[in-house]
1. Please determine, in degrees from 0 to 90 and to the nearest 10, the orientation of helix A:17-27 with respect to the longest principal axis defined by the Cα atoms of chain A, where the helix direction is its Cα long axis.
2. Taking chain A as the region of interest, what is the percent of Cα-Cα pairs per 10 angstrom bin, listed from the shortest bin to the one with the maximum distance?
3. For the pair residue A:418 and residue A:149, how long in nm is the line joining their label points, each one 7 Å along Cα→Cβ?
4. Tell me, what is the per residue accessible area of segment A:240-330 in Å², probe radius 1.4 Å?
5. Cα atoms only: what Rg and Dmax, in Å, come out for segment A:225-296?
6. Need one number: % antiparallel among DSSP beta bridges in chain A, to the nearest 5.
7. Once both axes come from the Cα atoms, what is the angle between helix A:435-445 and the longest principal axis of chain A, in degrees from 0 to 90, rounded to 10?
8. Given the Cα atoms of segment A:143-219, and with Rh set as the inverse mean 1/r over their pairs in the Kirkwood sense, what is Rg to Rh to two decimals?
Amino acid sequence: MNETKFVTEIASKEEAFSQWYIDVVKKADLADYTLVKGCMVIKPYGYALWENMQQCLDRRIKATGHKNAYFPLFIPESLLKKEAEHVEGFAPEVAWVTHGGDQKLEERLAIRPTSEAIIGSLYSKWIKSWRDLPVLINQWANIVRWEKVTRPFLRTTEFLWQEGHTAHKCEEEAEEETVKMLTVYKDYIEQDLAIPVIIGKKSNNEKFAGAVHTYTLEALMGDGKILQAGTSHNLGQNFAKAFDIRFLDENQQEQFAWTTSWGTSTRLIGGIIMVHGDERGLKLPPKVASVQIVIVPILFDKSKQEVLEKARIYKEALEEKFSVELDDRDSYTPGWKFNEWEMKGVPVRIEIGPRDIAKNQVLAVRRDKGTKTVINEEDLVATIEKWMVDIQKNLFLQARANLEENIRFADDYDSFKEIIEEKRGFIKAFWCGDGECEEQIKKETKTTIRCFPLEEQNEKGKCILCGKESSSIVYFGRAY
RNA sequence: CGGGGCGUAGCGCAGCUUGGUUAGCGCGCUUGGUUCGGGACCAAGAGGUCGGAGGUUCGAAUCCUCUCGCCCCGACCA
């Protein structure tokens, strides 16, 4: 009875997915709207999640030899314009600073929509010899893109991300770096965030403005739409030529450097919500959950002190391995707390009441499955430790099963349209490689090529639209 | 930028058609008390320039004009 009352608080995930998403963002206390359209506050609970995500990824970025730095927020207009495709790609969504106080600026300053330009101009200063290479730098920063349609975490005017920018002495090394970061991202997103991804290469229409080619990680969301989870770009010598990044090689020949860039953002928080969440709210993977265990004491007047004392002892024991919150608030009933912490996605809840104390046990509940288990005091830490591993794995396996169920092959355009209307998900289909076919499919079905899968392909077939002979299968999908 | 909708307490809304006491309701909030194993209850409170400006009128949340903002659909979106 109470459970039905509860679900009226957030929209149904099945029936109104986008409203459900907004409700979860707000009710789980991750973010809030502000006075500026498209700009959100990331609230403490959401920011703690982001900090954990940062730590997981930052560790991996550093383990592969990169160092962090910080570059300026402002990019002079003349600098941004140096790479033609790049500026053309970003121009519509750049925010400009035109005044400093009352004084009009000589030159407009772009608020970075990405940092290739500003970083490229500095690499030009720093790189003179092959001995200076490679340069392997990452930055954690905020970005501004003036989007017309915004949604919390998924597309906001200002957002947080990391962007790696590297420079290399040859083409092979740059390509190796681009692919290496793709796999770093894959490991991070799959192992830490428990989100399975399809990795591949973008089509020319979808690649990064100014890149030679773009690798991408594509994830399936709970409503069958696709979220681009991260990208890694091989920029070739395009940006080196535009920003004059030259060096003398071992043979005393002057060369342009080969550069890469790669990024992931707070958008991944949206991914976690939409991949793992359910009718009761968020489900956080233990590796990034800021609260891994919540202890809810069941308080009666007579046993209150005793129960709280025991709860504190358990908290201390568990805190050696986990982040634990003891919810001893007086003004809420246990049932209220259960629902709130489930909404917030905490992986494990522990209930302690007088009945448990009498038997030296607790009642523990898993957020991923909802199962309730009585655990003896002496087994508590060891059992929860196993659970955390299992919950992390289970969230990933569930998401992967869903992904696999929603990859469908289409061999004619009618069945393609039927799948995208009724089931969505990924559609594998042959494509002739012509950008006009791609464009027409996008116009008619709102479906884009998400990527060329990385595996080698030997099959041949007919382009889903024009029917021309083709040897490449691509993944289509409706994107966020 | 085109089409539609909405602005009344922190949130969700009623009141407006047909102008007329002191602008209501639910949730939330504060204080006190009783409660507590899946969103408890009682009592007493606090909280409003009715998005803004101008107009009509003895009198405007309500009618008129202008304006600002938000949401949805479309277009756009590396």
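The values are calculated or read from the model by the stated rules, or taken from the named source; none is laboratory data. Everything numeric in this text was worked out from a predicted model, so none of it was measured. Cβ sites come from the backbone with ideal geometry, for glycine too, and all protein chains shown count toward neighbours. Calculation scope for accessible area: heavy atoms of the full protein, side chains included, ligands and nucleic acids excluded. Shrake-Rupley method; radii C 1.70, N 1.55, O 1.52, S 1.80 Å.
1. 60
2. Bins of 10 Å from zero give 4, 17, 25, 24, 17, 9, 4, 1, 0 percent of pairs.
3. 2.7
4. Details: 4010 Å² over 91 residues.
In whole numbers, segment A:240-330 has 44 Å² accessible per residue.
5. 21.6, 70
6. Working: 71 of 86 bridges.
Taking every DSSP beta bridge with both residues in chain A, the antiparallel ones total about 85 percent.
7. 40
8. Values: Rg = 14.4 Å, Rh = 14.5 Å.
Using only Cα positions, Rg/Rh for segment A:143-219 is 0.99.
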